[in-house]
Amino acid sequence: MASTTNAKKEVIDFLWEWAEINGEWAKLLLDNILTSSSCLTQQERITIFQYFLQSLKLHSGLPSINIVKPIYTNSNKSIKISTLSEVTGVNRLAKNQTINFSENVTVVYGENGTGKTGYSRILKALGFSYETSGTIHPNVYNPSVELKSAKIDFEANGIKKSFLWTGANRSIDLDSISVFNNHCVAISLSDRQLVVTPIGFELFNLVTDELNALTLLLTSEKQKYKTTIDWISILTPNTPQYTYISKLSKSSLITDLKTISNFDEECKNRLAAKVTELNALNKALIEATLRELRLKAAEINNVLSKIKKTESVINHSSWENLHTWKEDIKQLENQSQKGLKEIVESYNIEFYTSTEFLSFITSAENYIKILSKVDYPQEEDTCIFCKQTLDNESKNLIANYRTLLNDTAQAKLNELKGKINHFKAEVIYLDANIKLSQAIWGYDAEGNILQTVELQNYNIELNKLKDLIVTDKTQVPDFIIDYVHYIQLLDDKKLDITELITKHHNDLNDIAAKEAELIAEINELKDRKTLFSKYSEIIQTIENHKISSTLNNSSSFNTRSISLKTTEAREELIRQNFNSIFKTELAAFRKSHLNIDLNFATDRGNSKVQQRVKSHILTEILSEGEQKAIALSEFLTELQLDNVSSTVIFDDPVNSLDHHLIDDFSRRIITLSKSRQVIIFTHSILLFNSLLYFKSLPVHKELFFVFYNSKNEHETTGVIDSADEINTVKTYIGKINVLINGPKNRPEVEMAEDGYGYLRSAIELCVEHEIFNGTVKRYQKNVALTQFIKVDGQLLDANKEKLNEIFERCCGYIKGHSNPMEIHNDPSLTDLNRDFTEFKTIRSLFSP
């Protein structure tokens, strides 16, 4: 956006200082911006970027340029909206409505909810405002959603144009129109950016935008210079070549590269020789032998474990114990048989020495114990098996059995037998079939694993002993296994194998060291060969690192430098201009006594403003009316910082303002309309009549005013009518004529009540404007005494009683009035027509 005041030349001075510091490319950038007053083309940016590269010695061939500080020629821009029409899909706004805007002041009046803000929202969507948020919704009460659209006819610098708004698109011409609404107050009084670009300061914004665009070119340029080596993975870590490539930078020495990348015929032959030597090392054979020896050692340990287990079970001590146990059992059994014989001989019991008999009486005893019959048999006891009565001889026999069976000798006998059985169980599980699975003693003639004679003899001897023990053979063996012999045999063999393992392990370590040495030499030679083949690529990558470092270290396109210049310019230009204009605007609203501290800052080249009262936020200190007056003053101040003469829209601007400030606002807006088109949407009758009054003053006869009334019809809002004055006698006469002569689609009483309400208003306005000739008007402060002398007193005296009678009747019939039950009667359209006719007759006397 161009500027029109002397401040612009001062801005040029600041920008030229910045350009001289940065060199030819910056001067060319500034010159191009001043020439076009807009964003540069991509080709222009590329040319500037090439001059930047040339300044870094990264480009050549461009001719030297000699640009002197340019003189800026300002251009003005004037926007005036002619009509707003063809609105669809916006809130509940009615279709087929057209608002023709005056070139100075247009006022659209209407009560709350009559569609004024809907029209304002369309215009705000096209321009700018403190309030940048807000969504325009369709009629949310109607399920059929229409697409948003509106037609705006306007003039740009005197050229007629049209724009079809679709809800999301914008016009570059209309983006300069500004809107002030109630939401703007809180936003205006907060810390914020200026909503308009101060005169000349759009150049800072353009330079900032172009620096950001050049930054993108710089980023793209950096990407051209590859600084990574993709094939580093084929090198071996820790080789000199790998270390050099992994640390590649602008500081990498070419001499070092030559040293580690030389690969001549000698290197080629040495690589082949080292590979052959490595292949000759039989490391795998030694490793296989070691595995075999470790398996043999493990099997010897297993066999030793089995023999030692046998020794712990079968030995001289355990054999003697077995013999002793058997002798003791024989003695105890003889004693038991002797006692039993003495008991049963007199009873002629057969086979009492058999095992079955002994088992029988023992089971009976155990059963008696289960029954808990400790003293069985008693006098009254019966046989535990058949429940028959026991005679005395039977009882004595049973008692003797029990005495014999419960003797301690029997318990000792059971204990000894248990020990023998346990010993047998241990013997049974001893391994008497040891067979080698590893060739510890080599192989026989057929190639089978050799089973040593010693271990075969061991198996035979152990099997004989197991047989003697398990089958209860009584003979004492003439041998016990010579465990020491067998264990010594295996220990000796284990020692031999251990020594072999140690020897082969040492051999393997020697081979491993040699192998590692050969592999290291081979890897170094292979990596040397790789670098030899990639030499040119590495040289280019080092060069790329140098270029990238130069580009990365350049801060020429950083917007901080231009922000600092903006700050300097703001301190010298904006602060003084803004403060001066702001004080003038405050005076227009009679708020000069409010000491507002204004502070300015810069954010990425954009000017910011902060406002305080004694270090406090304004909204915490001031009244709503004071806040509105200051917000309006700031808004009007910012408009004067811009050189564009574009439409200004106010949506309900005087909420919270008293009638004095409303008049002040009217005066200020009318003055503003001389340089900018002003559109006002309001529900304030005070503001409407204030503007209507000022319009009538001779001093404003050269200005054009248009007044509209926005109202609702059925389910739609925003129905536009002309409204040079909202309340006129003619308006209400027309409404009464519709009720009397129009369709009768409502109850007569209801229509008559509405008619009497209109007639009452018509009488009031007739008295105010026609009988008293506007001597005193509602909502207006002055008394027109020059009109007072025109009042016809005789005519007034002749008609005042009749007119008052009609008025009283209207008051009794209107909907807002109720009468006592005993005098209540409903009005009719006939009554209304009669009173209406009489009113028109009286009115004609005062308004021929």
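Values as computed for the structure displayed
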quantity	calculated
Estimated FRET transfer efficiency (Leu281, Ile234; beta-carbon r; R0 25 Å; 0.05)	0.50
Counting all C-alpha pairs of segment 87-132, share separated by more than 11 Å (%)	73 percent
Estimated distance in nm for a label pair at Asn112 and Thr289, the labels positioned 7 Å out from Cα along Cα-to-Cβ	10.6 nm
Residue (of Ile736, Gly757, Gln677) at the positive-pole extreme of segment 677-773, dipole from beta-carbon charges	Gln677
For segment 645-763, the spread of Cα positions along each principal axis, largest first, Å	53, 31, 28
Residues of segment 498-543: accessible area per residue with a 1.4 Å probe, Å²	57 Å²
Pairs of Cα atoms farther than 17 Å apart, segment 38-103, %	71 percent
Rg [Å, one decimal], Dmax [Å, integer] - segment 498-559, C-alpha atoms	24.7, 80
Percent accessible area from carbon and sulfur atoms, the chain, protein chains only, probe 1.4 Å	51 percent
Extension gain, Glu770 back to Phe385 (0.36 nm per residue minus Cα-Cα distance, nm)	124.4 nm
Once the Cα gyration tensor of segment 206-254 is diagonalised, semi-axes √(5λ) in Å	36, 11, 7
Gyration tensor (alpha-carbon) shape descriptor, segment 194-319, a/c threshold 1.5	oblate
Sites Glu750 and Asp13 - FRET efficiency at Förster radius 60 Å, r taken between beta-carbons, to 0.05	0.20
Residue-normalised accessible area of segment 78-190, expressed per residue, 1.4 Å probe, Å²	46 Å²
Restraint check, Lys95/Lys628; Lys116/Lys583; Lys226/Lys247; Lys116/Lys161, Cα-Cα greater than 22 Å	Lys95/Lys628; Lys116/Lys583; Lys116/Lys161
Dipole axis of the chain (+1 Lys, Arg; -1 Asp, Glu on Cβ), positive-most option in Leu281, Tyr458, Thr786	Thr786
Point-charge dipole on Cβ atoms (K/R +1, D/E -1) for segment 530-603, about Cα centre, debye to 20	200 debye
Protection proxy ranking of 435-447, 831-843 - average other beta-carbon atoms within 10 Å, highest first	831-843, 435-447
C-alpha long axis of helix 453-470 to longest principal axis of the chain, angle in °	80 degrees
FRET efficiency for Lys309 and Ser372, using Cβ-Cβ distance with R0 set to 56 Å, rounded to 0.05	0.80
Gained length - Glu415 relative to Thr671, 0.36 nm times residue gap less alpha-carbon distance	79.0 nm
Estimated inter-spin distance, Ser615 and Leu164, nm [label 7 Å along Cα→Cβ]	6.0 nm
Distance-filtered residues of segment 282-308 - backbone nitrogen under 17 Å, label point 7 angstrom along Ile449 Cα→Cβ	289-307
Segment 414-544: Rg to Rh, with Rh as the Kirkwood radius over Cα pairs	1.47
Model label zone, Glu515; criterion: amide N under 15 Å from point 7 Å along Cα-to-beta-carbon; scope segment 488-507	504-507
Equivalent-ellipsoid semi-axes of segment 620-709, from the Cα gyration tensor, Å, largest first	21, 18, 11
Dipole magnitude (debye, nearest 20) for the chain, charges at Cβ of Lys, Arg, Asp, Glu	3700 debye
Computed P(r) (all Cα pairs; segment 525-572; 10 Å bins; percent)	22, 22, 19, 15, 11, 8, 3, 0
Kirkwood Rh, angstrom, segment 475-591 [1 / mean 1/r, Cα pairs]	25.6 Å
Whole-angstrom Cα spans of the chain along principal axes, big to small	173, 112, 53
Between helix 793-813 and the chain: long-axis angle, C-alpha atoms, 0 to 90°, nearest 10	30 degrees
Segment Ser359-Lys395, extension gain: residue separation times 0.36 nm, minus the distance between their alpha carbons	11.0 nm
Between 0 and 90°, nearest 10: helix 42-55 axis offset from the chain longest Cα axis	60 degrees
CD proxy at 222 nm, helix term only [per DSSP H run n ≥ 4: -39500 (n - 2.57); per residue of the chain; nearest 500]	-18000 deg cm²/dmol
Pair His323, Glu537: separation of 7 Å Cα→Cβ label points (nm)	9.2 nm
Quarter of the Cα convex hull surface for segment 108-184, i.e. its orientation-mean projected area (nm²)	6.2 nm²
Accessible area per residue in Å² at 1.4 Å probe, computed on segment 679-745	51 Å²
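The values are calculated or read from the model by the stated rules, or taken from the named source; none is laboratory data. All values reported here derive from a predicted model rather than from experimental measurement. We place every Cβ from the backbone using ideal geometry, glycine too, and count neighbours over all the protein chains shown. We work out accessible area using only protein heavy atoms, side chains counted, and drop any ligands, DNA or RNA first. Shrake-Rupley method; radii C 1.70, N 1.55, O 1.52, S 1.80 Å.
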